[in-house]
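Notes for the one structure printed next.
The values are calculated or read from the model by the stated rules, or taken from the named source; none is laboratory data. Not measured: the values here are computed from a predicted model. Because the Cβ atoms are built from the backbone with ideal geometry, glycine has one as well, and the counts that use them run over all protein chains shown. For the accessible areas, the whole protein counts, side chains as well, though only heavy atoms, and no ligand, DNA or RNA atoms are used. Shrake-Rupley method; radii C 1.70, N 1.55, O 1.52, S 1.80 Å.
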Amino acid sequence: VQLQASGGGVVQAGDSLRLSCLASGRTFSSYVMGWFRQAPGQEREFVASISRFASTSYADSVKGRFTISRDTGNKVVYLQMNRLKPEDTAVYYCAARINVDGQYDYWGQGTLVTVSS
């Protein structure tokens, strides 16, 4: 599986942004898809995930503001980010794993999101 993230940019606090992750491969529907982020000088952290059955999970810091979704037919995973805050500034990565739990097996390149105050 190859993953290509896009949609990052520079926005102001309170704005919205939607990230996309385009996947290749014939088994996209079988994967758990996730979004992670890494801010400068910090470790990479979990943001959100969506299972093959569209069950979602979110980090507390983004719950209620971010929404993850998937378009199985087009092999795309989205991360809709609303009410952005400066602390959301980071490089965002999409990832995929085949198992219900455990580490992610595939990672895309990051897309930078910068939120100015």
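For first residues located in the stretch 40-66 and under 18 Å from Ala95 (Cβ atoms) and open to solvent by 60 Å² or more (accessible area, probe 1.4 Å), partners that are of a type in the set (A, V, I, L, M, F, W, C) and in a loop (DSSP other than H, G, I, E, B) and lie 6+ apart or on another chain with Cβ distances below 6 Å form the pairs Phe46/Ala59.
Just one residue in the set Ser29, Ser69 is surrounded by fewer than 16 Cβ atoms within 10 Å (Cβ to Cβ) and outside any strand (DSSP E or B); that residue is Ser29. The strands (runs of 3 or more DSSP E) found entirely in the stretch 74-117 that carry 2 or more residues being open to solvent by less than 30 Å² (accessible area, probe 1.4 Å) and not aliphatic (A, V, I, L, M) are 90-97.
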